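A short reminder: the numbers here are calculations on the coordinates, not readings from a lab. Owing to the predicted nature of the structure, the values given are computational and were not obtained by experimental measurement. Reconstructed Cβ throughout: ideal geometry from the backbone, glycine too, with neighbour counts over all protein chains shown.
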Amino acid sequence: MRMLINVPETVVADALRGMAAAHPELTVDIENRVIVRRDAPVAGKVALVSGGGSGHEPLHGGFVGPGMLSAACPGEVFTSPVPDQMVRAAAAVDGGAGVLFVVKNYTGDVLNFDMAAELAEDEGIQVAKVLVNDDVAVTDSLYTAGRRGTGATLFVEKIAGAAADEGRPLEQVESIARRVNDRSRSFGVALGACTTPAKGSPTFDLPAGELELGIGIHGEPGRERRPMMTSGEIAEAAVDAVLPDLDPSNPVLVLVNGMGATPLLELYGFNAEVQRVLGERGVAVARTLVGNYVTSLDMAGASVTLCEIDEELLGLWDAPVRTPALRWGM
Amino acid sequence: MLDADFFRRWMTATAALVDREADRLTALDSPIGDADHGSNLQRGFTAVTATLEKEAPDTPGSVLTLAGRQLISTVGGASGPLYGTLLRRTGKALGDATEVSPEQLAEALRTGVDAVRTLGGAQPGDKTMIDTLVPAVDALGDSFAAARAAAKEGAEATTPMQARKGRASYLGERSIGHQDPGATSAALLVAALEEAAGE
């Protein structure tokens with residue numbers, strides 16, 4: 001497998017160096033692995049800190065900036081960052097109004113952010129946490145680690161970030177973030193596995209003519225393997241996996257998200273099918289975002305995330321945002 | 001009796017075993033995880049050996065507490081907090097004695113394993129490191145060699161299990177038939193005890 005890298009050991013640090021060069025509006029601490037918006041701390045406003053394994057770019061570092069995250073902590077590829085990073089980020093961005101940790105529901109992320117929250121509170125920083133767990137492919141039960149956090153992370157970070165930017169207090173920003181997560185569901189499909197730099201070969205073997213349904217964002221196989229389907233059939237499978245669980249009576253935000261190796265041409269075609277199926281199921285669409293936002297290295301495939309919204313959440317979604325990967329209105 | 005030097009050797013031997021087995025751990029982590037368990041632990045235990053050399057802690061308890069803190073600060077993922085907590089809590093349970101008996105170590109390890117169970121919420125049979133550590137600690141009363149054998153057996157016994165914790169649990173029944181990488185690395189930690197004792 002050919003990769004545009006120097007050596008596997010430095011992929012994360014190399015990417016951070018490149019990010020620092022491309023985005024002077026961010027402060028990138030390469031040694032300590034923390035990406036902070038340059039104007040932090042913003043006095044009197046709640047700060048949002050997120051983080052997770054690398055390999056999902058632009059998540060989370062690409063979402064740092066006014067109207068979204070205050071800081072992001074990138075871990076090794078597909079490995080949660082360590083508590084030291086999160087504490088450092090929290091200290092850098094706390095403007096006195098507290099910090100909200102946005103945590104994707106994976107055992108490692110949860111454990112490390114929990115430890116970080118305790119340490120940050122010891123330093124006098126008020127911390128709240130919201131868990132993102134939107135992936136319907138995983139049964140949420142005592143017998144699993146619970147649903148994974150995937151595409152809804154973008155919705156949570158954007159909408160809660162806008163609420164923080166409006167100057168709302170920590171409890172409100174936290175409850176808005178929780179509401180977005182509660183009303184979001186995702187389902188992903190892989191047409192090819194991904195290759196981690198450390199391993200150098202695909203994480204699973206997907207024979208030609210087959211696809212994986214219900215995949216996560218770490219190159220883990222899905223719940224089920226089926227013969228290859230058309231874009232329209234995949235859209236039906238994804239939407240029909242999400243809808244029974246969400247059962248929206250209000251319009252939805254739609255994220256048609258590429259996993260990393262699927263061209264935008266295909267993603268837009270897939271979006272047309274997703275919109276068709278939603279129309280056939282009687283679901284109104286308020287806004288749609290198409291692109292590679294929550295990726296899984298070079299995995300081929302896509303995920304669909306729906307978030308049922310109300311007027312307040314839509315207003316926060318439309319609010320100005322200026323980050324490397326998401327920017328409008330400012 | 002086991003002194004601080006024994007515990008340093010334990011950590012160094014673990015680092016060497018993790019180095020040797022890193023590719024196998026990563027390969028086991030590939031079908032049911034995300035193919036990085038070997039490299040993550042390698043990074044962690046390399047940092048542990050370096051910090052032990054630099055700070056030269058002089059009691060068994062302080063060697064393990066420092067090693068645990070270092071793992072939490074360098075590994076990330078679930079293994080960082082879990083292995084870090086195991087060593088840190090075992091170290092704390094050993095107190096500040098300059099020498100401890102194998103029985104005291106077994107008792108302290110039991111405290112450490114309990115802390116891991118509380119943190120990760122895993123029970124025996126969930127296809128995790130707990131399936132290695134619980135039988136290993138039970139066998140530690142006999143000898144390090146017995147603990148090593150029990151750990152190996154415990155790790156191998158995870159193959160037919162369906163994962164109920166961690167990333168492998170996402171696969172449901174498809175996790176059956178694969179040996180758990182965390183249970184496998186935990187067996188290396190136990191095996192390193194015997195190597196440190198030079199038995």
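Structure above, values below:
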{"item": "Relative exposure of A:218, A:60, A:23, judged by other C-beta atoms within 10 Å (fewest first)", "result": "A:23, A:218, A:60"}
{"item": "Integer Hz, Karplus 6.51/-1.76/1.60 couplings in order for the range B:182-193, x for Gly and Pro", "result": "x, 5, 6, 5, 4, 5, 5, 4, 6, 4, 5, 4"}
{"item": "Charge-dipole axis of the protein assembly as shown as Lys and Arg at +1 and Asp and Glu at -1 on Cβ define it, positive-most pick from B:186, B:44, A:82", "result": "A:82"}
{"item": "Spin-label pair residue A:249/residue B:156, simplified geometry with 7 Å Cα→Cβ offset, distance in nm", "result": "5.9 nm"}
{"item": "CD proxy at 222 nm, helix term only [per DSSP H run n ≥ 4: -39500 (n - 2.57); per residue of chain A; nearest 500]", "result": "-10500 deg cm²/dmol"}
{"item": "Highest average packing first - B:40-46, B:64-70, A:177-183, Cβ atoms within 10 Å", "result": "B:40-46, B:64-70, A:177-183"}
{"item": "Given charges at beta-carbon only (K, R positive; D, E negative), |dipole| of chain B in Debye", "result": "660 debye"}
{"item": "Base-10 log of normalised Debye intensity for the range B:1-140 (one unit scatterer per alpha-carbon) at q = 0.14, 0.16 Å⁻¹", "result": "-0.62, -0.82"}
{"item": "Shielding of A:194-207 by partner chains, average beta-carbon count, 10 Å", "result": "4"}
{"item": "Compactness index (Cα Rg / 2.2 N^0.38 Å), the range A:8-182", "result": "0.95"}
{"item": "Contact order relative to length of the range A:9-54, as percent, for alpha carbon pairs under 8 angstrom and 6 or more apart", "result": "26 percent"}
{"item": "Neighbour-count ranking [beta-carbon atoms within 10 angstrom, fewest first] of B:10, A:317", "result": "A:317, B:10"}
{"item": "Percent RCO, i.e. relative contact order, over chain A, from Cα pairs under 8 Å lying at least 6 residues apart", "result": "18 percent"}
{"item": "Of A:119, A:48, A:313, the one that fluctuates the most in a GNM where chain A has Cα springs shorter than 10 Å", "result": "A:119"}
{"item": "Point-to-point label distance, residue B:176-residue B:143, nm (Cα→Cβ direction, 7 Å offset)", "result": "3.8 nm"}
{"item": "C-alpha center-to-center spacing [the range B:66-134, the range A:80-118] in angstrom", "result": "23 Å"}
{"item": "Under-5 Å amide H pairs with residue A:194, H placed in peptide plane, nonlocal only", "result": "A:203, A:204"}
{"item": "Nearest-20 debye value, the protein assembly as shown charge dipole, Cβ charges on Lys, Arg, Asp, Glu", "result": "720 debye"}
{"item": "Where the Cα pairs of the protein assembly as shown fall when distances are cut into 10 Å bins, in %", "result": "4, 19, 29, 25, 15, 6, 1, 0"}
{"item": "Peptide ranges B:175-183, A:164-172, A:148-156 listed from the most packed, as the mean C-beta count within 10 angstrom indicates", "result": "A:148-156, B:175-183, A:164-172"}
{"item": "Neighbouring partner chain Cβ atoms per residue of B:157-166, average, 10 Å criterion", "result": "2"}
{"item": "Label-point separation in nm, residue A:205 to residue A:25, each point 7 Å along Cα→Cβ", "result": "4.7 nm"}
{"item": "For a label point 7 Å along the Cα-to-beta-carbon line of residue A:166, residues of the range A:291-330 with backbone N under 16 Å", "result": "A:309-321"}
{"item": "Listed residue (A:108, B:87, A:290) projecting farthest to the positive dipole end of the protein assembly as shown, Cβ model", "result": "A:290"}
{"item": "Summed side-chain charge close to residue B:174 - residues other than residue B:174 whose Cβ falls under 15 Å, Lys, Arg +1, Asp, Glu -1", "result": "-3"}
{"item": "Computed FRET value (nearest 0.05) for residue B:96 with residue A:32, which takes r as the C-beta separation and R₀ as 30 Å", "result": "0.40"}
{"item": "Full-stretch length increase - residue A:17, residue A:226 - with 0.36 nm per residue and alpha-carbon distance subtracted", "result": "71.2 nm"}
{"item": "Charged-residue dipole, Cβ positions (Lys, Arg, Asp, Glu), the range A:8-182 about Cα centre, Debye nearest 20", "result": "400 debye"}
{"item": "Shielding by partners, peptide A:213-224 (average Cβ within 10 angstrom, other chains)", "result": "4"}
{"item": "Considering only the range A:1-153, percent of DSSP beta bridges that pair antiparallel, nearest 5", "result": "25 percent"}
{"item": "Separation between Cα centres of the range A:1-47 and the range B:8-40, rounded to whole Å", "result": "28 Å"}
{"item": "Calculated from backbone phi, Karplus (6.51, -1.76, 1.60) coupling profile of the range A:214-229 in Hz, x at Gly/Pro", "result": "x, 7, x, 10, 10, x, 6, x, x, 8, 7, 10, 9, x, 3, 10"}
{"item": "Antiparallel DSSP beta bridges within the protein assembly as shown, percent to nearest 5", "result": "55 percent"}
{"item": "Within straight-line cross-link reach of residue A:158, lysines at Cα separation under 16 Å, skipping those fewer than 8 residues along the same chain", "result": "A:45, A:104, A:129"}
{"item": "Cleavage-rule hits (GluC sites (Glu not before Pro)) in the range A:101-165: DSSP loop, at most 16 neighbouring Cβ within 10 angstrom", "result": "A:123"}
{"item": "Potential extension, residue A:312-residue A:123 segment - 0.36 nm per residue separation minus Cα distance", "result": "64.7 nm"}
{"item": "For the range B:8-20, 3J(HN,Hα) per residue [Karplus equation, 6.51 cos²θ - 1.76 cosθ + 1.60, θ = phi - 60°, Hz, x = Gly/Pro]", "result": "5, 4, 4, 5, 5, 5, 5, 4, 5, 5, 5, 4, 5"}
